[in-house]
Amino acid sequence: MIPFEPIRLFAFGGFNVPIVISLLIIGGGMLWLLIRSLKAKEVDRRIVFVFIFAAVSAPLLFEITFDETATPIVKGVFEKIENMPERSRIVIAFDFDPAMAPEVQPMANAVIRHALAKNHRLIFISLWATGQALMDKTISEIIPAEFPQKQDGIDYVSLGYKAGNEGVLNVIVSNVKKMFPTDVNGVPLTDIAIFNGVRSMKDVDMVMAVGGGKPGPKEWVLFVGDAPGGPPVAVGVAAVVAPQMYPYYPKQVLGILGGIKGAAEYESELLHNYPRFAEQDTPGLRMMGPQTLAHVVIMAFIIFGNLAFFIGGRHKEKRL
Amino acid sequence: MRRQLPFILVFLSGAFMVFQYFVPHESSEFVYEFLLDWLTIIGGFAMVLGIWSLIRVSYDKIQRKRENWGYSVITLAGLFSMIFFGITNWQDGFGFYILQADGLNNPMFVHFFDYILIPIQATMFSLLAFFIASAAYRAFRARSVIASLLLLAALIVMMRFNPLFGAWIEDVANWLMNVPNLAAQRAIVIGLGLGMVATALKIILGIERGYMGQG
């Protein structure tokens with residue numbers, strides 16, 4: 001059974017009134033809706049919105065969190081990074097925009113922390129115009145503060161954004177310098193230590209493609225990972241995209257980090273193995289609280305909706 | 001000749017790209033990479049075309065004072081200010097940076113991105129949770145056997161993401177994802193692949209001429 005930390009009812013050494021009040025409101029409201037549904041009455045859309053709002057905001061305001069354990073599909077990515085020899089080259093692809101960032105940014109952060117803690121070298125790249133700014137932001141927020149000894153060009157490098165979608169992947173799989181003659185700062189790749197001995201993507205040790213749109217992780221699998229001699233590819237994707245990646249697992253994809261749940265599992269594995277990151281923010285684990293409660297509320301609404309549907313006798317009505 | 005030349009070009013490039021895949025020789029790779037350069041250049045021009053189209057549509061809306069034309073003013077203001085801030089920087093004296101990425105460190109560019117674009121896009125995405133909840137309440141009804149199966153599968157997969165329900169539900173959900181979902185997804189992928197091959201062949205052989213503006 002997946003262990004979970006009970007809701008902190010006795011936080012701060014005393015009885016946590018706000019949490020109890022929130023749960024009473026949500027629970028009481030649900031009971032009222034259940035009674036309403038048993039009387040075959042439908043629920044107004046605005047009431048659904050109010051409950052979702054309460055279910056999402058209560059865990060954020062009162063820090064309701066749950067413990068996670070990595071499933072094999074997430075552990076596959078973690079163990080690959082953990083067991084590669086030091087100084088391995090890992091490509092981190094930032095193929096997402098700010099809309100998708102809350103879901104996939106936590107996994108990118110966790111993988112970057114893990115890889116740098118293992119002394120691997122990172123190559124950042126983006127096929128999305130909005131990805132480059134997110135990539136720069138991530139690099140400037142994580143590396144100087146948490147890994148001050150790591151140097152640009154030696155331990156990590158950002159190649160920035162390149163237009164051309166799958167065309168870019170098609171080129172870099174045989175020649176990186178042709179598509180990226182310089183890094184994002186204008187330094188020729190020939191002068192960057194990480195690229196010594198790297199001609200193509202086939203010379204890197206792993207690709208971690210984070211995203212969910214097109215071009216994105218799927219294109220990295222098809223155009224880079226599946227190319228003859230291509231590197232192993234792991235993906236971190238938005239939850240809605242995860243089912244589309246399953247056909248590629250485990251032969252073409254090392255592992256899949258699907259949505260906030262995947263990020264939370266990776267963060268949990270990282271914290272378990274690297275207690276030094278205990279002080280760092282873990283947005284994946286933090287956001288599992290709102291997601292968990294929101295799912296419970298949605299499931300309750302689906303059940304209530306069906307109760308009202310059957311009790312009201314509408315299942316007997318003929319559809320057009 | 002105005003009609004034949006595009007067909008010949010399409011046939012030659014299409015046929016070359018197919019055969020090149022099976023010929024692992026340096027010269028073949030050189031031509032392949034050369035052609036891919038064109039793809040990147042076309043990609044770059046597509047962006048320019050997109051910007052031009054946005055400017056034209058928005059300008060036309062403002063000029064004719066069409067409904068909600070004020071939003072077009074904001075669109076154009078956002079577009080031009082982000083372009084301006086993205087290619088300039090004044091931290092070490094004012095300068096234009098067309099070929100370097102220094103403009104991306106422009107404080108105004110960073111602030112606009114961090115405090116306007118990110119919250120706006122994240123808000124739009126977050127609103128989905130509310131609409132999905134409402135839609136799930138209304139649409140997920142056990143009207144038939146198929147609908148009931150879909151409803152049950154959705155509930156089980158949703159429960160998988162929930163740490164409150166334990167490992168047993170995870171096993172059931174994993175089976176759903178790894179067997180029926182995988183089978184359906186693979187069928188879709190294979191179907192799509194075959195469809196793409198058929199369409200590509202039709203284009204290469206000149207049967208499909210939609211790219212020339214003909215049906």
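What follows is calculated from the coordinates using simple rules that are stated; it is not laboratory data. Keep in mind the model is a prediction, meaning the values are calculated, not measured. Cβ: placed from backbone, ideal geometry, glycine included. Neighbour counts: every protein chain shown.
General observations
- Distance from the Cα centroid of the range A:257-275 to that of the range B:1-55 is 42 Å (rounded to whole angstrom).
- Estimated inter-spin distance, A:Gln244 and B:Leu192, nm [label 7 Å along Cα→Cβ]: 0.6 nm
- Overall Cα dimensions of the range A:174-232 - principal axes, largest extent first, Å: 31, 24, 17
- Overall form of the range B:46-128 per C-alpha gyration tensor (a/c, 1.5; a/b vs b/c): oblate
- Restriction of the trypsin sites (Lys or Arg not before Pro) in the range B:1-102 to DSSP coil positions whose beta-carbon has at most 12 other beta-carbons within 10 angstrom yields B:Arg2, B:Arg3, B:Arg64, B:Lys65, B:Arg66.
- Overall form of the range A:184-320 per C-alpha gyration tensor (a/c, 1.5; a/b vs b/c): prolate
- When +1 charges are put on Lys and Arg Cβ atoms and -1 charges on Asp and Glu Cβ atoms, the dipole computed for the protein assembly as shown relative to its Cα centre reaches about 2540 debye.
- When the P(r) of the range B:1-66 is calculated, the portion above 16 Å amounts to 66% of the C-alpha pairs.
- Computed with the Debye formula from one identical point scatterer per Cα of chain B, without solvent, the log10 of I(q)/I(0) at q = 0.18 Å⁻¹ comes to -1.17.
- In the range A:217-310, trypsin sites (Lys or Arg not before Pro) in a DSSP loop with at most 11 other beta-carbon atoms within 10 Å: A:Lys251
- The range A:42-105: C-alpha pair distances exceeding 17 Å, %: 71 percent
- Overall Cα dimensions of the range A:96-180, principal axis frame, Å, largest first: 35, 31, 17
- In the range A:31-112, chymotrypsin sites (Phe, Trp or Tyr not before Pro) in a DSSP loop with at most 10 other beta-carbon atoms within 10 Å: none
- Pairs from A:Lys118/A:Lys178; A:Lys214/B:Lys61; A:Lys162/A:Lys261; A:Lys80/A:Lys251; A:Lys162/B:Lys61 whose Cα-Cα separation, in the structure shown, is over 20 Å: A:Lys118/A:Lys178; A:Lys214/B:Lys61; A:Lys162/A:Lys261; A:Lys162/B:Lys61
- Positive-pole candidate from A:Met288, A:Gly312, A:Met179, dipole of chain A, charges at beta carbon: A:Gly312
- The mean count of C-beta atoms from other chains within 10 Å of the C-beta of residues in B:154-163, rounded to a whole number, is 6.
- Number of partner chain Cβ atoms within 10 Å, mean per residue of B:93-106: 2
- Ellipticity estimate at 222 nm from DSSP helix runs (n ≥ 4, -39,500 (n - 2.57)) divided over the protein assembly as shown, nearest 500: -18500 deg cm²/dmol
- Hydrodynamic radius by Kirkwood, which averages 1/r over all alpha carbon pairs of chain A, in angstrom: 21.6 Å
- Highest GNM mean-square fluctuation among A:Val50, A:Val184, A:Val173, for chain A modelled with Cα contacts below 10 Å: A:Val50.
- The range B:88-138: translational diffusion in µm²/s, Stokes-Einstein, Kirkwood Rh over Cα pairs, 20 °C, 1.002 mPa s: 159 µm²/s
- Scanning chain A for GluC sites (Glu not before Pro) in DSSP loops with at most 14 neighbouring Cβ atoms within 10 Å leaves A:87-316 as the longest stretch between them.
- Set of lysines with alpha-carbon distance to A:Lys41 below 22 Å, sequence-local pairs under 8 removed: A:Lys316, A:Lys318
- Per-pair calculated FRET efficiency, R0 = 30 Å: B:Leu201 and B:His25 via Cβ, rounded to 0.05: 0.80
- Each residue of the range A:66-82 was assigned a 3J(HN,Hα) from its phi angle through the Karplus curve 6.51 cos²θ - 1.76 cosθ + 1.60 (θ = phi - 60°); the sequence is 10, 7, 10, 10, 5, 7, x, 5, 8, 4, x, 6, 4, 5, 4, 5, 5 Hz, with glycine and proline shown as x.
- With all projection directions averaged, the alpha carbon convex hull of the range B:144-215 covers 7.9 nm².
- Computed FRET value (nearest 0.05) for B:Leu12 with A:Leu31, which takes r as the C-beta separation and R₀ as 45 Å: 0.05
- Across the protein assembly as shown, Cα-Cα pairs more than 44 Å apart make up 25 percent of the total.
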